[in-house]
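As structure tokens, the structure follows; a few thoughts come after it.
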Amino acid sequence: MPPRIAIAPCRKMTDYVTSVRLAGGDPWEPSYAADPAETVVSSCAGLLLTGGADVAPATYGEAPHSTVTDVDAVRDEYEIALVRAALAARLPVLAICRGLQVMNVAAGGSLVQDIPSQVGTAVAHQVPNPKRRHRPRRQCRSRKPAAELMGSAVVRGRLAVNSRHHQSVQRIAAGFVVTSLAPDGVIEALELPEAPFCVGVQWHPENFLESRTFLPSSLASSLPPAPEPGTHFG
């Protein structure tokens, strides 16, 4: 039986679900109302945290910046509970974009609420086209999974990514390490070394189903044929 992978519900699930299936998993979208976090964690082999709207600053003890929008308190509470239950159970976790931010907050970290005004960077962190990669991110020296998973996409220690975010990690949760940085110092990837597998990335690898850009060639060659090119949004 394929491993069951719980995918945190979001408005645009298609690429996440397809990616899990292509990798040999059985995607499952748990319900906020019907599936408590502990039940989800005990019922699956891994947790995938998805992209989406801003994380409420109240979850890390701050007042909201004027740019914070579309906060969903129910989603925040549910996903924070999922992360904490998964970490306690040592369940494998992959966190994407907002998912990385939720993971960091759930473990005790905080966020930059608005990169343009609080970091003051000229780096574009919000590229509308999900298929377009941009400014290479520097991969930090690490023996952790992210660098290995990126495989041939990493060239001379750098990786061009696609991202759509105005928030990012500020205070890093205890135990986590930074494994990728943007040229302006914005954190692009975190990992928890003590966990069997716990990786968070700020970009959207699921948007590259057709090209398999973010897969090592050894794995890509063993997967089923990629879907026909189309428009996918994370």
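Results, tabulated for the structure shown:
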| quantity | calculated |
| --- | --- |
| Scan of the range 27-42 for residues that are in a loop (DSSP other than H, G, I, E, B) and within 22 Å of Thr14 (Cα to Cα), ordered by number | Glu29, Pro30, Ser31, Tyr32, Ala33, Ala34, Asp35 |
| Considering residues of the range 67-124 that are part of a loop (DSSP other than H, G, I, E, B) and hydroxyl-bearing (Ser, Thr, Tyr) only, the residue surrounded by the most Cβ atoms within 10 Å (Cβ to Cβ) | Ser110 |
| Filtered residues of the range 9-20 (kept if within 17 Å of Val93 (Cβ to Cβ) and open to solvent by 30 Å² or more (accessible area, probe 1.4 Å)) | Ser19 |
| Residues satisfying the stated conditions in the range 43-66, i.e. in a helix (DSSP H, G or I), out of contact with any Pro (no Cβ under 7 Å at 6 or more places or on another chain) and in contact (Cβ under 8 Å) with a residue 24 or more places away in the chain | Thr59, Tyr60 |
| The range 1-18 residues that are without any contact (Cβ under 8 Å) to a residue 40 or more places away in the chain and on the phi < 0 side of the Ramachandran plot, paired with ones that are open to solvent by 30 Å² or more (accessible area, probe 1.4 Å) and part of a strand (DSSP E or B) (beta carbon under 6 Å, 6 or more apart) | Pro2/Asp26 |
| Answer from Ala6, Ala45, Ala23, Ala34 - the residue that is open to solvent by 60 Å² or more (accessible area, probe 1.4 Å), over 29 Å from Val119 (Cα atoms), among the aliphatic types (A, V, I, L, M) and within 19 Å of the chain's Cα centre (by Cα) | Ala23 |
| Near pairs, Cβ below 6 angstrom, 6+ apart or cross-chain, from the range 78-107 (over 17 Å from Asp54 (Cα atoms) and charged (D, E, K, R)) to any residue that is open to solvent by less than 20 Å² (accessible area, probe 1.4 Å) and not in a loop (DSSP other than H, G, I, E, B) | Arg84/Ala106 |
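The values are calculated or read from the model by the stated rules, or taken from the named source; none is laboratory data. Computed from a predicted model, the values in this text were never measured in an experiment. A quick note on method: Cβ atoms are made from the backbone with ideal geometry, for glycine too, and the neighbour counts reach across all protein chains shown. Quick note on the areas: whole protein, heavy atoms, side chains included, nothing else; ligands and nucleic acids left out. Shrake-Rupley method; radii C 1.70, N 1.55, O 1.52, S 1.80 Å.
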